[in-house]
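The values are calculated or read from the model by the stated rules, or taken from the named source; none is laboratory data. All of these numbers come straight from a predicted model, not from anything done at the bench. All Cβ positions, glycine included, derive from the backbone under ideal geometry; neighbour counts span all protein chains shown. The protein model used for the area step is the full one, side chains on, heavy atoms only, and it has no ligands, DNA or RNA in it. Shrake-Rupley method; radii C 1.70, N 1.55, O 1.52, S 1.80 Å.
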Amino acid sequence: MAQRSPAEIRSSIESIRMELAVSVDRLRKEVAHVTDWRGHVERHRGELMMGAAVVGFAIGVRLLRRRRRR
């Protein structure tokens, strides 16, 4: 392995530091997007409403069946 000069090492460290800063910024944006539950709700409003309706219907059916057994 060839010896590098201190200037080359410093330059390499600075380059890696800049790449790391870009990667961390990109990761922050991705985490913010993934954890944005309001955005997910907004994008999937129809599916959520259908799911809520199905769950409400299932609960209603179970309650009616319990009442009829008594």
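Before moving on, here are some points about what is shown:
- For beta carbons closer than 9 Å, sequence separation of 6+ or different chains, a first residue in the stretch 2-26 that is of a type outside the set (A, V, I, L, M) and a second that is open to solvent by 80 Å² or more (accessible area, probe 1.4 Å) and at pLDDT below 95, the qualifying pairs are 12/4.
- Members of the stretch 35-60 that are at pLDDT 95 or above and among the hydrophobic types (A, V, I, L, M, F, W, C): 48, 49, 50, 52, 53, 54, 55, 57, 58, 59
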